[in-house]
């Protein structure tokens, strides 16, 4: 009986086992935080690019100048994953009406564990409407 109580009270190695059980979960949560932060940074960038481009369109810039502005503002993003939609087209714009610039970005998920959960790419979209001056 005495040896059984001593065995139950002995907790050597318990913290190692607990750490081994919790460490993968901690790493998964940390990887998710990092991936989500990079995704939010990309979303804020395309939102800012759409706003800048819509402002250029509102003051009379051409469609090509608007698209170039999006690529300039979002220069650190992969330009192959960026799509710009401008409505109405340059020939149909009139003063007093509105212009809408929509920027879409396919965010590539880098961390493999996270990509198994949400997919390899996440679609981000920002649309800004301004009145043409």
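The values are calculated or read from the model by the stated rules, or taken from the named source; none is laboratory data. Bear in mind the structure is a predicted one, so any value in this text is a computation, not a measurement. Glycine also receives a Cβ, built like all others from the backbone with ideal geometry; neighbour counts cover every protein chain displayed.
Below, the figures for the structure above:
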item	result
Residue identified as free of Cβ contacts under 8 Å to residues at least 12 places away in the same chain, surrounded by fewer than 13 Cβ atoms within 10 Å (Cβ to Cβ), more than 30 Å from residue 133 (Cβ to Cβ) and over 25 Å from the mean Cα position of the chain (by Cα) among 23, 30	23
Number of the exception - residue 102 against (1) over 13 Å from the mean Cα position of the chain (by Cα); (2) at pLDDT 95 or above; (3) under 19 Å from residue 35 (Cβ atoms)	(3)
Residue within region 8-17 that is closer than 27 Å to residue 111 by Cβ, at pLDDT below 95 and part of a helix (DSSP H, G or I) present	yes
